[in-house]
Structures are given as C-alpha cells and as structure tokens.
Amino acid sequence: AQSVTQLGSHVSVSEGALVLLRCNYSSSVPPYLFWYVQYPNQGLQLLLKYTSAATLVKGINGFEAEFKKSETSFHLTKPSAHMSDAAEYFCAVSEAGANNLFFGTGTRLTVIP
Amino acid sequence: DAGITQSPRHKVTETGTPVTLRCHQTENHRYMYWYRQDPGHGLRLIHYSYGVKDTDKGEVSDGYSVSRSKTEDFLLTLESATSSQTSVYFCAARQGPTSGNTIYFGEGSWLTVV
C-alpha cells in the first residue's frame with residue numbers, strides 16, 4: 001500500500017535560511033514521487049517530481065528534492081528562503097500502474113522577515 | 001495553465017439539498033479526478049474517471065456520485081448534502097497514461113453546507 005508521511009505540519013524559517021521539508025513514503029514497488037505547492041485560495045501547483053531518473057530532482061522556484069531509497073525519503077530543500085515561498089507544501093506518491101496520487105497531510109511554511 | 005476550470009467556485013447550501021460541482025478541461029486528458037481537502041487530512045480522492053462513462057471510487061466516495069458523458073466534463077454530485085461535506089473540492093486531470101505523469105489541478109470549489 002502506498003502512503004506518505006510529512007513530518008511537521010508547520011515549519012518556520014527566517015528569510016535567507018535553508019528550507020527543509022520532510023517526506024517519507026511507503027510503497028511496495030518503485031514509486032513516483034511529487035511535491036506540490038499551494039498558495040492561499042489556489043489550487044496545487046507541481047514543484048517537482050521523481051520518476052526513476054536522476055535521484056536529485058530540481059524544480060521550480062529554486063527547490064530541489066533527493067530520492068533516497070534506503071531511507072524511503074524525498075525531502076524538499078531550498079538553500080535560501082524567500083518571503084514568496086510561504087505556502088503549504090504537499091508530498092505525494094504514486095506507483096506504476098496506479099491511477100491515483102496519495103498525498104501527505106501537508107506542511108505549512110512560514111517565512112519570517 | 002492546466003486548462004481546468006471548476007464551477008461554482010463558492011457555494012453555500014442547506015443540509016439535505018443536492019449539489020453538483022462541475023469540472024471542465026480543455027487539454028483532452030483521459031484521466032480526471034475529484035479530491036476534497038480538509039485540515040489535517042491533506043487531499044483525499046473521492047472518485048476518478050479513466051474515460052468517458054468509466055469511473056471508479058476513491059477512498060472517501062460515500063455520499064458522492066460522479067458522471068462523465070464527455071471527455072472534457074466531469075461532474076461531482078452530492079445527492080443530499082451534509083455538514084461533513086463542507087470542504088474544498090479540487091478537480092484534477094492527468095497529463096498522460098502512465099502513473100509518472102503529472103496530475104494538474106483546478107482552482108478549487110469552496111462548499112459550505114449549513
């Protein structure tokens with residue numbers, strides 16, 4: 001069965017500091033992994049995805065994530081937080097042949113000036 | 001732009017009334033989805049469609065039905081709305097046939113059942 005755990009429902013960082021949002025997954029087969037961002041009152045926008053190519057995936061807005069099979073993790077990072085990064089972030093997993101994404105419960109990122 | 005529009009964007013309805021939410025897409029996606037978003041639960045799948053007239057249940061399908069008579073339209077119906085169905089509903093569509101393809105989302109429909 002597929003599932004995703006996001007550690008920390010709220011994360012606060014100072015502007016310019018490292019952003020680290022944690023995601024661990026459970027999957028019985030090699031997964032596809034996604035990070036989405038949601039700004040207030042908007043839909044979800046894809047940040048990046050892992051589809052079994054390079055384990056370090058670069059996305060939009062300076063974000064990147066690394067797939068670590070041994071740790072079943074897909075943590076999202078950004079070297080320097082910007083005020084515009086304040087949003088809710090969702091990690092999601094899918095398996096080959098599956099028709100659906102399974103989402104984590106989300107992490108709300110606050111950026112402190 | 002994923003070409004997915006939802007209507008209505010905001011609705012307040014009374015308990016026991018039927019409600020239909022509409023999703024329209026312009027990219028000829030085969031797969032379409034309805035999710036609900038609630039605090040502490042993330043997004044949960046209600047129903048999805050893998051073609052015209054082909055639908056299947058998701059993890060929270062009780063109290064909901066769907067229909068897809070055309071590729072571009074996917075309707076979600078609450079037969080008799082309850083307060084527990086107050087939520088934000090998102091329509092989504094998948095870019096391609098494989099599980100690694102991106103799922104794109106609409107802007108959401110805020111439903112309040114009073």
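List of remarks:
- Residue count for segment B:81-114, restricted to those that are more than 15 Å from the chain's Cα centre (by Cα) and aromatic (Phe, Trp, Tyr): 0
- Strands (runs of 3 or more DSSP E) fully within segment B:58-108 that include at least 3 residues being of a type in the set (Asp, Glu) and within 27 Å of B:Gly16 (Cβ to Cβ): none found.
- Filter result for B:Tyr50 (within 10 Å of the chain's Cα centre (by Cα), assigned to a strand (DSSP E or B) and not basic (Lys, Arg)): no
- All told, B:Val60 falls short of being among the aliphatic types (A, V, I, L, M) and surrounded by fewer than 14 Cβ atoms within 10 Å (Cβ to Cβ).
- A:Val19 being aliphatic (A, V, I, L, M), away from chain B (no Cβ under 12 Å) and more than 10 Å from the chain's Cα centre (by Cα): yes
- Within segment B:79-96, not a single residue is away from chain A (no Cβ under 14 Å), surrounded by 18 or more Cβ atoms within 10 Å (Cβ to Cβ) and under 19 Å from B:His24 (Cα atoms).
- Residues located in segment B:18-41, provided they are part of a strand (DSSP E or B), within 11 Å of chain A (Cβ to nearest Cβ) and surrounded by fewer than 20 Cβ atoms within 10 Å (Cβ to Cβ): B:Asp38
- Considering residues of segment B:42-52 that are within 30 Å of A:Gln6 (Cβ to Cβ) and more than 10 Å from every other protein chain (Cβ to nearest Cβ) only, the residue surrounded by the fewest Cβ atoms within 10 Å (Cβ to Cβ): B:His47
Here, each number is a calculation from the coordinates, and none is a lab measurement. Everything numeric here is computed off the predicted structure, so don't read it as measured data. Neighbour counts run over all protein chains shown; Cβ positions are idealised from the backbone, glycine included.
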